[in-house]
């Protein structure tokens, strides 16, 4: 049995009552678990497996696949403030998708995990800004060794990530930037 503190970064239905849950942990990187019966009304997981929650989890390692079995989950930080704004959820989704684009599963990522914790904690209390998004991209590119510390800004880090991994940036980047523009226009009116 494995134990770790992890951030829930994705979930999808496996069956009528079971979820596949994706996690981000400092020691274990990105990994997936199956939460059997999680959608049953009296499940031990009821209300616990929500996006962007930090939790202490226990899981059993799979012998023949990369889909481990979730045994327990206990909230560390639910980040309920994220749900107060569409822009916050959109920004958090972009950050997570950017990490999953750039990081190999099952590789330790202590610096990136810490970066994600700080970003999600910020979004729990504040709406995102363009500077926030670009600062996260810059720090991620630095942690991945794509640019030197204190390197470029203004979208250059995002471009470096896109170029080095030969994959387009997640669509949520454009969506969050559009949301910020619309918000600025509403604030002016």
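Annotations for the structure displayed:
- Whether a residue is surrounded by 13 or more Cβ atoms within 10 Å (Cβ to Cβ), touching a residue at least 60 places away in the same chain (Cβ under 8 Å) and touching a strand residue (DSSP E or B) at 6+ places or on another chain (Cβ under 6 Å) was assessed, and residue 58 does not pass this test.
- Checked against the criterion of being modelled with pLDDT of 95 or more, buried (at least 16 other Cβ atoms within 10 Å of the Cβ) and assigned by TED's automatic domain parsing to the domain that holds residue 21, the candidates 90, 71 yield just one match: 71.
- Residue within segment 31-51 that is in contact (Cβ under 8 Å) with a residue 40 or more places away in the chain and farther than 24 Å from residue 89 by Cα present: no
- Leading residue by the ranking (nearest to residue 172 (Cα to Cα)) among those in segment 44-90 that are part of a strand (DSSP E or B) and touching a helix residue (DSSP H, G or I) at 6+ places or on another chain (Cβ under 8 Å): 54
- Failed condition for residue 105, given (1) in contact with a helix residue (DSSP H, G or I) (Cβ under 9 Å, 6 or more places away or on another chain); (2) closer than 24 Å to residue 33 by Cα; (3) surrounded by fewer than 18 Cβ atoms within 10 Å (Cβ to Cβ): (1)
The values are calculated or read from the model by the stated rules, or taken from the named source; none is laboratory data. All values derive from a computational prediction rather than experimental measurement. Cβ sites come from the backbone with ideal geometry, for glycine too, and all protein chains shown count toward neighbours.
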